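The values are calculated or read from the model by the stated rules, or taken from the named source; none is laboratory data. Remember, predicted model here, so these are calculated numbers, not experimental data. Because the Cβ atoms are built from the backbone with ideal geometry, glycine has one as well, and the counts that use them run over all protein chains shown.
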Amino acid sequence: MDELSGVYAVAGRHGVAAGGVRELVGGVANRVYLLGDDLVLRVPRTAEFESDLRKEVQVIPGARLLGVRTPAVVEYDESQALIDAPYAVMERVHGTELADDARPVNGSGPAGSGGDGLWGELGVQLARVHRMAPSAVDGVPDDDGGDPWRIVDELAQRGILDRAAADEFGGWFRRLAGRFDREAPYVLLHGDVAPQNLLVDETGGFAALIDWGDASWGPRGMEFAKLRLEQVAAILPSYRAAAAADDPGRGRRPGPATESATADHEPIRFAEGELEAAALWFHLCWGLAGLGQAAPRPEYRHWTAPPAARLLGALRFFAGAPSSPWAGLG
């Protein structure tokens with residue numbers, strides 16, 4: 001059976017006629033089809049992405065138990081009886097990707113400029129994600145985010161950085177390392193918190209966090225490396241408050257399932273500048289790694305695709321005279 005016939009068969013299983021099926025453009029890892037108005041079918045493009053879909057199916061139920069707004073998994077099938085690949089049918093959240101949304105976002109002025117509203121709610125959502133207990137999910141790898149000193153040395157050896165610049169970056173990382181605990185226990189990371197994975201509603205408010213294919217266990221500061229620093233600065237106040245709260249899923253009824261998802265959690269209170277230093281660490285680390293890319297990828301639409309994007313973003317952020325504690329980290 002060809003894939004499209006299989007897609008129609010899956011749609012029929014959920015009461016959707018062939019005329020109600022529409023493929024969406026884009027998506028690096030999955031082909032995506034709308035099944036009517038309320039369901040989405042995702043099929044990995046190649047075998048290398050199958051494990052990412054399986055990972056999503058493992059993570060999403062626990063995240064939803066914690067009150068994270070993300071589409072529910074309706075069906076997961078890897079039998080290949082209808083489609084020659086694993087597939088997942090998920091609820092559809094009616095919203096617009098932030099990457100494609102040019103309207104002002106709720107409570108934050110021009111899109112991406114910060115404030116409460118969208119970014120404040122995202123901070124709460126990410127704090128919930130980071131409360132996930134290791135016992136609640138299987139099949140999620142560890143990721144330390146890379147060694148910045150190794151990256152700096154390699155760039156110097158290749159002549160991309162001169163030795164003076166390499167020494168300056170090395171000193172910057174040493175100063176940041178003194179501001180946060182690099183040995184802190186790993187947390188569950190969504191792994192791809194970026195505009196294309198944030199859905200906003202008709203008012204510009206937060207609607208859902210989607211696409212968990214890059215989920216991993218890692219340092220919490222790494223979660224903020226795919227957003228602009230201006231956005232990170234708007235997120236962290238609500239993240240800090242939610243991480244220190246006792247209720248892991250505001251508005252969720254507590255019960256055995258929720259307790260098992262957060263079995264290892266205790267409220268966390270961060271030192272002044274700790275979260276900011278951790279986030280900046282990964283912006284700089286990944287920004288430098290971008291300089292060493294073999295070639296630019298202009299076909300990619302995310303803001304970090306240009307090799308120098310993160311470093312230029314950090315330069316713009318600090319040139320804007322950010323408030324404390326950011327001002328002391330530059």
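Count of the stretch 74-100 residues, restricted to those that are among the β-branched types (V, I, T), at pLDDT 95 or above and surrounded by fewer than 18 Cβ atoms within 10 Å (Cβ to Cβ), is 2. Report yes if F173 is assigned to a helix (DSSP H, G or I), in contact with a helix residue (DSSP H, G or I) (Cβ under 9 Å, 6 or more places away or on another chain) and crowded, with 16+ Cβ neighbours inside 10 Å, otherwise no. So F173 fits the description; yes. For the stretch 24-45, a residue qualifies if it is at pLDDT below 95 and farther than 17 Å from W212 by Cα, and the qualifying residues are L24, V25. Highlighted here are the helices (runs of 4 or more DSSP H) found entirely within the stretch 218-312 that include at least 2 residues which are modelled with pLDDT of 85 or more and either assigned by TED's automatic domain parsing to the domain that holds F173 or of a type in the set (F, W, Y) (or both): 229-243, 274-291.
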